[in-house]
Amino acid sequence: MRDAEGGWCATVAGPLDVGARVTLVFPDSGSPAVTRAFRVTRRRPEPCPSEFPQLSLEGVPAYDVVADGPAAGGMRSVALLVAGSAPWRRDPDGAARADLDGDGRSEEARVCAADEGEHFTLWTIDPGGAARLRWHGYYDWGVIVDQTCRAGEAGR
């Protein structure tokens, strides 16, 4: 998430090394970019700042990350951080996809609104086209949002 000073803070369950290359993925098809390359600059001694408590992120390590190159405009304030630098693309259907584990099957990043925030999910697209949920994260905005999540996208 973008912090008050215009920098970025990431909360990640697994450890990241200072200097590690990471990718911010903007799954929303309305975003001007699908990804942006970043690198980890330090592990934070405190959680990422947010206007509303992120209960799902309590106790999870937080890191400062900076963009490689000049800052781009139009980036959302919350995105999905993926370790590594696998190439992402935005397919004609608007989906953000990459083969993250090199198995020949694409992973698809999605974001949708439900409850009081946004649900970020990562899916593997099986050979027959079926999507299998691999990961779910939630960012709480602290306000009731207009629901855009379809069945299964809100981690339920």
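The values are calculated or read from the model by the stated rules, or taken from the named source; none is laboratory data. Since we're looking at a predicted model, the values are computed, not measured. Heads up, the Cβs are rebuilt from the backbone with ideal geometry, glycines too, and the neighbour counts pull from every protein chain shown.
Out of all the residues in segment 98-109, is one or more of a type in the set (Lys, Arg) and assigned to a strand (DSSP E or B)?
Looking through segment 98-109, none of the residues is of a type in the set (Lys, Arg) and assigned to a strand (DSSP E or B).
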Which numbered condition Glu118 fails, given (1) assigned to a strand (DSSP E or B); (2) under 24 Å from Arg21 (Cβ atoms): (2)
Condition check for Val66: touching a Ser or Thr at 6+ places or on another chain (Cβ under 7 Å), within 16 Å of Leu24 (Cα to Cα) and not in a loop (DSSP other than H, G, I, E, B): yes
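Every residue, every condition in (1) among the hydroxyl-bearing types (Ser, Thr, Tyr); (2) at pLDDT below 90; (3) in contact with a strand residue (DSSP E or B) (Cβ under 9 Å, 6 or more places away or on another chain), yes or no:
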position: Arg76; (1), (2), (3): no, yes, yes
position: Ser85; (1), (2), (3): yes, yes, yes
position: Arg105; (1), (2), (3): no, no, yes
position: Pro127; (1), (2), (3): no, yes, no
Test: residue in segment 76-96 that is of a type in the set (Gly, Ala, Ser), surrounded by 15 or more Cβ atoms within 10 Å (Cβ to Cβ) and not in a loop (DSSP other than H, G, I, E, B): yes
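Mind checking which residues of segment 69-117 are among the hydroxyl-bearing types (Ser, Thr, Tyr) and either out of contact with any Ser or Thr (no Cβ under 8 Å at 6 or more places or on another chain) or free of Cβ contacts under 8 Å to residues at least 24 places away in the same chain (or both)?
Just the residues of segment 69-117 that are among the hydroxyl-bearing types (Ser, Thr, Tyr), to begin with: 77, 85, 106.
Selection gives Ser77, Ser106.
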